[in-house]
Amino acid sequence: MQTIFGRILSGEIPCNKVFEDDVVLAFHDVAPVAPVHILVIPKREVPSLAHVEQTDAEMLGHLLHRAAEIGKEHAPNGFRVVVNTGGDGGQTVEHLHLHVLGGRPLAWPPG
Ligand code: AMP
């Protein structure tokens, strides 16, 4: 079954877009947990970080580089990139995504 991010990618439901190229789409999270909360997702449907292969290295580098560019632009005082993975990891949408969080000091460790 298609995920909510798959439906965003197909244009079926809208998003508040930050960036798009051939490989990734970035958009504001609908329920932000920080003043800056942007999601960076691959256009290819990969369920999670636990599903990537060595052959995905270029795509992963592309995603991480874009997260860094977005973080620098939107949260110049610093930011955090999070990839929730699986049930205990807190993943709720089964389409790989990077959270870019910032705009306030972020506690560590996370709860
Ligand atoms: P995770 O819990 O790591 O799987 O993150 C999924 C994220 O997707 C959550 O932070 C949700 O708030 C966010 N989300 C769910 N639906 C939408 C949507 N339609 N547009 C933007 N963000 C969404």
Q. Restricting attention to the range 1-14, which residues are part of a loop (DSSP other than H, G, I, E, B), open to solvent by 50 Å² or more (accessible area, probe 1.4 Å) and within 11 Å of the ligand (Cβ to nearest atom)?
A. 12, 14
Q) Taking the condition aromatic (Phe, Trp, Tyr), away from the ligand (no atom under 13 Å from the Cβ) and touching a helix residue (DSSP H, G or I) at 6+ places or on another chain (Cβ under 6 Å), does residue 79 pass? A) yes
(Q) Based on this model, can you work out whether residue 30 counts as hydrophobic (A, V, I, L, M, F, W, C), over 14 Å from residue 98 (Cβ atoms), within 13 Å of the ligand (Cβ to nearest atom) and under 13 Å from the mean Cα position of the chain (by Cα)? (A) yes
(Q) Against the definition (touching a strand residue (DSSP E or B) at 6+ places or on another chain (Cβ under 8 Å) and in contact (Cβ under 8 Å) with a residue 12 or more places away in the chain), how does residue 46 come out, yes or no? (A) no
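The values are calculated or read from the model by the stated rules, or taken from the named source; none is laboratory data. Since the structure is predicted, the reported quantities are computational estimates derived from the model, not experimental observations. Reconstructed Cβ throughout: ideal geometry from the backbone, glycine too, with neighbour counts over all protein chains shown. Just so you know, the surface numbers come from the protein's heavy atoms only, side chains and all, with ligands and any DNA or RNA stripped out. Shrake-Rupley method; radii C 1.70, N 1.55, O 1.52, S 1.80 Å.
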